[in-house]
Protein chains: 2
Amino acid sequence: MQQFDGKAISKQLRDELAEEVQQMVVEGHRPPHLAVILVGSNAASETYVNAKVKACKAIGYESSLLHFPPEISQTMLLNTIDELNENEDIDGFIVQLPLPDHIDSKTVIERVLPAKDVDGFHPINVGKMALGLDAFISATPGGIVELIKRYDIETEGKHCVVLGRSNIVGGPMSILMRRNTYPGNCTVTIAHSRTKNIKEVCKSADILIAAIGKPDYVTADMVKEGAVVIDVGINRVDDASRERGYRLTGDVAYAEVAEICSYITPVPGGVGPMTIAYLLNNTMIAARKRK
Amino acid sequence: MQQFDGKAISKQLRDELAEEVQQMVVEGHRPPHLAVILVGSNAASETYVNAKVKACKAIGYESSLLHFPPEISQTMLLNTIDELNENEDIDGFIVQLPLPDHIDSKTVIERVLPAKDVDGFHPINVGKMALGLDAFISATPGGIVELIKRYDIETEGKHCVVLGRSNIVGGPMSILMRRNTYPGNCTVTIAHSRTKNIKEVCKSADILIAAIGKPDYVTADMVKEGAVVIDVGINRVDDASRERGYRLTGDVAYAEVAEICSYITPVPGGVGPMTIAYLLNNTMIAARKRK
């Protein structure tokens, strides 16, 4: 069994981007600039947002954090988005979710200029991705595809089972893995909470992508020998033995599944680090178009 | 075995729409208006377009056929689209494909105002459909979903195998059948030309949707007893015994598969008639928003 080293691959990708930034600057262009909108003070959101800003700085991107109080009106938020859409100094921006209840996320997401939508959440980017057209692929699916690619995992004709049908992971992964390209050309099955015989379905997978949000859900008896296992879950499980009172675990029962699969992503250190790297990658894609 | 009677269900849907048109007119609104752009003189396209215009008239819709010579410039075509986008007398319009080589279909499709894109081909409609948002679902997938619904076919937890990954049928069907709604909640497998053990995959289907474009491809040994079989193929096969020199056949070897499945669509007379009816349905959806 080989571990996907998400940290190392994430670093590799970020190093490549840092090099490209230097090159851009040498050529007289400004570095890529990512703006992040944060509304309110959700602790997890603040952590994510800070990590994104820090990651930008580390590779020489410019970044702006626009932090608004939770009571900001939707109109005001939309106006801010309009300004960012028009601001030529910003290559891409994201609106950290979730938003407070009085703001309609759908309206907000659809206000972002598709060419600056580096989260890839705008329906037009989702649609273009589904149609196989040039589009921003959102960070988690994009990061997973990158991981598969850099480990040179064979995908053509393989049976890929995607566990979970969320708009953020399961849905796009099921589309990406069947595309007529590499990575892709898989026979893809998308399984979810309503799937019967889910164990059997998982066991038929050559490539299993678990994004169902249930800690240690995928057990060894659900995995084919030699399968490639990608664990997208990040679940907090109470753990009195840890100082912080919990540990992070994926959707896969790592220890037992690792015994039988050929490749597996650890949690943490697998898909997670790829996500931020891929957001940076999307920002570079946006910046390249500006040059 | 029961046959899906696409003709009858199509008529049912068109009758309902005709009734709604009458009601609209009684209430002092104008009837729905569909415009169709046709470029050049592809015989098949002319047939389709004429059928669409005729279907409009039959249920009291207004329709306009804009027929351009094959040498029309892309700019001129885009200008026409802009006019239709702005014309408040038109509820929806379609650009019949294929277009001549000097015109970029992608650019043309993306120029259509999403709110008038009753073909559902604009990436934003595809994306919204994928995200489970309100969107125009294109006519063939929409028609299939309607057929499943009106025959009250059980879908939840069923294994649906979609054969073919085209942007027009296989792709959207694989998304629609996994949605968290009825029809939907299927475990969906999308199989295609690169799928290994395709017979086995098809045989595991409770619902098999064949859209692979190969005449009589699905044979009895590929179908589970009692499966629901939907044949989207319309293939011309040489047949000297017919006056016109060919016959139409689907992707399913009808006679032998009909012996073992529970439901099956004939070709012609299954999915085909639903397609035009669903285009009319989309046009009504567009018109309702105008009222």
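The values are calculated or read from the model by the stated rules, or taken from the named source; none is laboratory data. All values reported here derive from a predicted model rather than from experimental measurement. Cβ atoms come from the backbone with ideal geometry, glycine included; neighbour counts cover every protein chain shown.
Considering (1) under 24 Å from A:K11 (Cβ atoms); (2) away from chain B (no Cβ under 14 Å); (3) out of contact with any Leu (no Cβ under 7 Å at 6 or more places or on another chain), the lone condition that A:E88 does not fulfil carries the number (1).
Yes/no matrix, rows are residues, columns are (1) within 14 Å of chain A (Cβ to nearest Cβ); (2) surrounded by 22 or more Cβ atoms within 10 Å (Cβ to Cβ); (3) farther than 14 Å from B:A130 by Cα:
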site: B:L176; (1), (2), (3): yes, yes, no
site: B:C186; (1), (2), (3): yes, yes, yes
site: B:I190; (1), (2), (3): yes, yes, yes
site: B:I198; (1), (2), (3): yes, no, yes
site: B:K203; (1), (2), (3): yes, no, yes
site: B:I207; (1), (2), (3): yes, yes, yes
site: B:A211; (1), (2), (3): yes, yes, yes
site: B:P215; (1), (2), (3): no, no, yes
site: B:V223; (1), (2), (3): no, yes, yes
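Scanning the stretch A:104-116 for residues that are of a type in the set (D, E, K, R), touching a residue at least 12 places away in the same chain (Cβ under 8 Å) and outside any loop (DSSP other than H, G, I, E, B) returns A:E110, A:R111, A:K116. Here the condition is being assigned to a loop (DSSP other than H, G, I, E, B) and buried (at least 21 other Cβ atoms within 10 Å of the Cβ); of A:D134, A:D101, A:D119, it holds for A:D119 alone. Pairing each residue of the stretch A:148-159 that is within 14 Å of chain B (Cβ to nearest Cβ) and within 17 Å of A:M173 (Cβ to Cβ) with any residue that is assigned to a loop (DSSP other than H, G, I, E, B) and among the small types (G, A, S), provided the two are 6+ apart or on different chains, yields C-beta distances under 9 Å for A:T155/A:G184; A:E156/A:G184; A:K158/A:A205; A:H159/A:S204; A:H159/A:A205. Among the criteria (1) away from every other protein chain (no Cβ under 14 Å); (2) surrounded by 16 or more Cβ atoms within 10 Å (Cβ to Cβ), the one B:E110 does not fulfil is (1). On the stretch given as the stretch A:225-265, residues that are surrounded by 12 or more Cβ atoms within 10 Å (Cβ to Cβ), over 22 Å from A:R165 (Cα atoms) and of a type in the set (K, R) total 1. Filter the stretch A:162-174 down to the residues that are free of Cβ contacts under 8 Å to residues at least 60 places away in the same chain and more than 7 Å from chain B (Cβ to nearest Cβ), then identify the one that is surrounded by the most Cβ atoms within 10 Å (Cβ to Cβ). By that ranking, first place goes to A:V162. Scanning the stretch A:39-97 for residues that are β-branched (V, I, T), in contact (Cβ under 8 Å) with a residue 40 or more places away in the chain and under 26 Å from A:E16 (Cβ atoms) gives A:V49, A:I59, A:I90, A:I94. Condition first: modelled with pLDDT of 95 or more and over 23 Å from B:G233 (Cα atoms). Can you find one or more residues in the stretch B:158-171 that meet it? Checking the stretch B:158-171: not a single residue is modelled with pLDDT of 95 or more and over 23 Å from B:G233 (Cα atoms).
Note on the stretch A:137-175: residues that are farther than 16 Å from A:D119 by Cα, part of a helix (DSSP H, G or I) and of a type in the set (A, V, I, L, M, F, W, C) total 3.
Exactly one residue out of B:S63, B:S41, B:S10, B:S73 is buried (at least 18 other Cβ atoms within 10 Å of the Cβ), farther than 17 Å from B:G142 by Cβ and among the polar types (S, T, N, Q): that is B:S63.
Could you say whether any residue in the stretch A:92-104 is within 14 Å of chain B (Cβ to nearest Cβ), touching an Asp or Glu at 6+ places or on another chain (Cβ under 7 Å) and within 22 Å of B:A135 (Cβ to Cβ)?
No, the stretch A:92-104 contains no residue that is within 14 Å of chain B (Cβ to nearest Cβ), touching an Asp or Glu at 6+ places or on another chain (Cβ under 7 Å) and within 22 Å of B:A135 (Cβ to Cβ).
Set side by side, the residues A:S64, A:S41, A:S10, A:S45 differ, and just one is hydroxyl-bearing (S, T, Y) and more than 21 Å from the chain's Cα centre (by Cα), which is A:S41. A count restricted to the stretch B:226-244 and to residues that are without any contact (Cβ under 8 Å) to a residue 24 or more places away in the chain and within 26 Å of the chain's Cα centre (by Cα) stands at 5. Candidates B:K57, B:K7: the one that is touching a helix residue (DSSP H, G or I) at 6+ places or on another chain (Cβ under 9 Å), basic (K, R) and either at pLDDT 95 or above or farther than 30 Å from B:I260 by Cα (or both) is B:K7.
Kindly check whether there is at least one residue in the stretch B:171-193 that is touching a Phe, Trp or Tyr at 6+ places or on another chain (Cβ under 9 Å) and either within 16 Å of A:G171 (Cα to Cα) or among the β-branched types (V, I, T) (or both). Scanning the stretch B:171-193 turns up no residue that is touching a Phe, Trp or Tyr at 6+ places or on another chain (Cβ under 9 Å) and either within 16 Å of A:G171 (Cα to Cα) or among the β-branched types (V, I, T) (or both).
The residue list B:E62, B:E27, B:E71, B:E83 contains one member that is among the charged types (D, E, K, R) and closer than 18 Å to B:A277 by Cα, which is B:E62.
Among the residues that make up the stretch B:118-125, is at least one of them over 13 Å from the mean Cα position of the chain (by Cα), polar (S, T, N, Q) and facing another protein chain (nearest Cβ under 10 Å)? Yes - at least one qualifying residue is present in the stretch B:118-125. Which of the residues spanning the stretch B:11-57 are small (G, A, S) and within 30 Å of B:F68 (Cα to Cα)? Answer for the stretch B:11-57, where residues must be small (G, A, S) and within 30 Å of B:F68 (Cα to Cα): B:A18, B:A35, B:G40, B:S41, B:A43, B:A44, B:S45, B:A51, B:A55. Which of the residues belonging to the stretch A:126-143 are farther than 24 Å from B:G164 by Cβ and either modelled with pLDDT under 95 or touching a helix residue (DSSP H, G or I) at 6+ places or on another chain (Cβ under 6 Å) (or both)? A:F136, A:A139, A:T140, A:G142, A:G143 - these are the residues of the stretch A:126-143 that are farther than 24 Å from B:G164 by Cβ and either modelled with pLDDT under 95 or touching a helix residue (DSSP H, G or I) at 6+ places or on another chain (Cβ under 6 Å) (or both). Out of the residues in the stretch A:146-161 that are buried (at least 22 other Cβ atoms within 10 Å of the Cβ) and of a type in the set (A, V, I, L, M), state the one that is nearest to A:N282 (Cα to Cα). Here the residue is A:L147.
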